[in-house]
Amino acid sequence: MKVVVQQEDLQLLAKTLQEQLLVEVSSVEVFEVKCAVNKDGLMILTQHEPDVRVDTKIIFAVIEEVLQSLTPHREQQVQCFLRIFGEQLPYAKCFLTLKQTEVFGGGEVGEPEEEYFSPISSSALTYSPSLDETEEEEPFDPFADAPNLPTAKRTFQIKPIFLGAALMGMIVLGGGAYLLTRPCVMSECKEIQNAQQLKTKSPQLMRRAKSEKELAAVQQQLATASTALNVIPSWSPRHQESEELKTSLSGRSEKINQVVKALQTASLATQKVQNPASSLEELQARQHLWRQAIAPLETISPDSELYGLVQGKLLNYRVRLHAVNQQIFIEEKWLKKLTAAKAVASAAEKQEATAKSLNDWEKVRSTWLVAINALNSIPLTSTGYQEAQKLLVDYKPKLVLARDRATKEQLALKTYQQARITANQAKLYQQQNQWQAAATYWDQALQTAKKVPQDSLYYTQAQSLIEPYSAALKQAQEKVQVVSSFEQTRTDLNKTCINGIRICTFSIDNAGIIVRLTPEYDQVRQNNLANPYSENSSTAIDVTNHLQILREALAVIAENANLSLFLYDSKNQVIYTRTLGG
């Protein structure tokens, strides 16, 4: 009888055997099963990788167990082969005989015979790891036209359950058939029922959720129901329906999961804001958390079941984000001020290293003051406050030093300038021949110049004044002595030239003392000389003696003054001359 076989039926049987072998044989990661019909018999080929060893008895026992779950229409022969990928010949094979136990269509079920399958004995298995070189074998490739299944790897641990129904799809061999029973193939489908019920009531559950915890519970139900649909095989008549339900439930689950993650992120951000931020980076991290929480919630449309819950949260989260943004804005302002203060302090240090005048030190002091005032303005609430306080400890002593140095230079400059002003006043008195005043001011100018501190920038300039001021002082003092001597000479001359009447007049200069007799004195002297024997002859003698005494007195005065003496009568005639050294 010609055998008519549908390729999809053979694929279904091969897939069933392949899955069961992956579950039962743990030592092998990859199995490939092919099924074919040849000469009214079913043939099953199992292949595996060359680098693994398997127990052939277990392999054939698993195939037997699967075939026991199938019901043949009539007695059939089954040949099982086991070979390595890439090899042409199998290294093991066994033969089974399936006998009829049930008639489909008539509703009659026959009594099972004593031997349902022929037992797998050692005589029934042929192991051929390496074929005898003397034995000739025909090329073994009865599965050349058999359908290829995708190579399956071990990705699950669910053992298929075969109940005894016939394999879906028919191997028509004189009216025989196989029917495979899997979830939602021939029986009720609770997974789809549960999924449909949850699909119907989940919108209401989502709308009623008031918290992250309640929403997570709904999400878990959706995820569980969606996962349960995975057990429905692709050949199930309800597979398409299960896929649609999975897509719907997974979509809702993902949307809820998106909202739950956003709420969890917001909870984390709320926990972090309980404590003050210690840095700008920490504030920026909080800002990032709030944005992560807000962004997914903003995608929820008004017609979504989650919109009511999301809108209430969004308003609160946006307010929190705005507060963090304000904190960052303010914090950045204070940190900029802190950075600017450091830059100003660096400029102050450079100015200090090159300062060469009072003006330079005034700039140094002013620059340090700017840096310190900037640091003092940073509030306690700023993350830069502690650093600002540490910098103040370093900067304040430098400001004090700069201020002291500026004060010292200011005093030095004032002293230097005062010395010059006093010297100018001394010159003025000197020009007026007020030598005593000039000497006093030159002395003050000299002493003031000496007071300029040695570590001052003006010390060198002050030192350059000492020598000329000292010389000017000495000159003035000498002039004072001369003037003092002249004054004494004048006093002595005044006393000498007046004796009842004005006897003489005088003048003093560096050339000497010039004394002139007055006309009255000359008249008395002339009268006495003309009449020496008058009644007043004694007076004449006195006048003559007086002139001698006057001349001697004037000579003493000239000698004391260290000046020459020139004595003239009233008619400008020389009476007496005395020169220095004479």
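The values are calculated or read from the model by the stated rules, or taken from the named source; none is laboratory data. Just so it is clear, the model here is predicted, and its values are computed rather than measured. Using ideal geometry, Cβ is built from the backbone for each residue, glycine included, and neighbour counts are taken over all protein chains shown.
Figures for the structure shown
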{"item": "Any hit, the range 257-279, residues being modelled with pLDDT of 85 or more, over 33 Å from the mean Cα position of the chain (by Cα) and either surrounded by 17 or more Cβ atoms within 10 Å (Cβ to Cβ) or not in a helix (DSSP H, G or I) (or both)", "result": "yes"}
{"item": "From the options THR265, THR227, THR200, residue that is under 21 Å from ARG318 (Cα atoms), without any contact (Cβ under 8 Å) to a residue 40 or more places away in the chain and of a type in the set (S, T, N, Q)", "result": "THR265"}
{"item": "Every residue from the range 474-512 that is among the small types (Gly, Ala, Ser) and surrounded by 13 or more Cβ atoms within 10 Å (Cβ to Cβ)", "result": "ALA476, SER485, SER507, GLY512"}
{"item": "Answer residue from the range 300-326, given it is touching a residue at least 24 places away in the same chain (Cβ under 8 Å) and not in a helix (DSSP H, G or I) and is farthest from ALA209 (Cα to Cα) among those", "result": "ILE300"}
{"item": "Residue within the range 47-56 that is polar (S, T, N, Q) and at pLDDT below 85 present", "result": "no"}
{"item": "Unique residue being out of contact with any Cys (no Cβ under 8 Å at 6 or more places or on another chain), farther than 30 Å from GLN386 by Cα and not β-branched (Val, Ile, Thr) when the list is LEU289, LEU315, LEU335", "result": "LEU315"}
{"item": "Residue check, LEU411 part of a helix (DSSP H, G or I), closer than 21 Å to TYR459 by Cβ and either assigned by TED's automatic domain parsing to the domain that holds ASP455 or not hydroxyl-bearing (Ser, Thr, Tyr) (or both)", "result": "yes"}
{"item": "Single residue of VAL319, VAL324 found to be among the aliphatic types (A, V, I, L, M) and touching a helix residue (DSSP H, G or I) at 6+ places or on another chain (Cβ under 7 Å)", "result": "VAL324"}
{"item": "Candidates TRP361, TRP442, TRP368 - the one that is in contact with a helix residue (DSSP H, G or I) (Cβ under 9 Å, 6 or more places away or on another chain), within 18 Å of GLU467 (Cα to Cα) and surrounded by 15 or more Cβ atoms within 10 Å (Cβ to Cβ)", "result": "TRP442"}
{"item": "Hits in the range 503-531 - residues which are closer than 13 Å to HIS546 by Cα and outside any helix (DSSP H, G or I)", "result": "ILE503, CYS504, LEU517"}
{"item": "Close pairs from the range 505-516: first within 10 Å of ALA558 (Cβ to Cβ), partner among the polar types (S, T, N, Q), Cβ under 6 Å, at least 6 apart", "result": "ILE508/THR489; GLY512/SER564"}
{"item": "Those residues of the range 28-39 which are out of contact with any Ser or Thr (no Cβ under 9 Å at 6 or more places or on another chain) and modelled with pLDDT of 75 or more, in sequence order", "result": "VAL28, GLU29, CYS35, ALA36, VAL37, ASN38"}
{"item": "Residues satisfying the stated conditions in the range 335-350, i.e. within 10 Å of ILE378 (Cα to Cα) and over 14 Å from the mean Cα position of the chain (by Cα)", "result": "LYS337"}
